[in-house]
Amino acid sequence: MNCTYSNGHRPVEYVHRHAFRTCTEARIKIATWITDFYNARRLHSVCGFKSPIDYERDYQATLAEGLAA
């Protein structure tokens, strides 16, 4: 199967562990993986090595503390 990716990025860690029947299935599964795991739970250096979810929670807590003060 020869699928093209619009952004030139291939999530290799995911792709090599799965077999896809069609390019459409691959695109859907990869997009789901990116939004559910890679962007949401993976630790990012720009977030102080926190997941974006944890970073956002801590940021919101900091804002709430500032408003309460």
*asked:* Give me the 1.4 Å probe accessible area per residue for the range 20-60, excluding ligands and nucleic acids, in Å².
replied: 73
*Taking the highest mean first, how do the peptides 26-36, 53-63 order by number of other beta carbon atoms within 10 angstrom per residue?*
26-36, 53-63
*Would you please report the Å³ per residue occupied by the convex hull of the alpha carbon atoms in the range 20-69?*
71
*Where the accessible area of the range 27-69 is counted over protein heavy atoms with a 1.4 Å probe, how much of it, in %, is carbon and sulfur?*
62
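The values are calculated or read from the model by the stated rules, or taken from the named source; none is laboratory data. Because the structure is a prediction, the values reported are computed rather than measured. All Cβ positions, glycine included, derive from the backbone under ideal geometry; neighbour counts span all protein chains shown. Note: accessible area is taken over every heavy atom of the protein model, side chains too, but ligands, DNA and RNA are not part of it. Shrake-Rupley method; radii C 1.70, N 1.55, O 1.52, S 1.80 Å.
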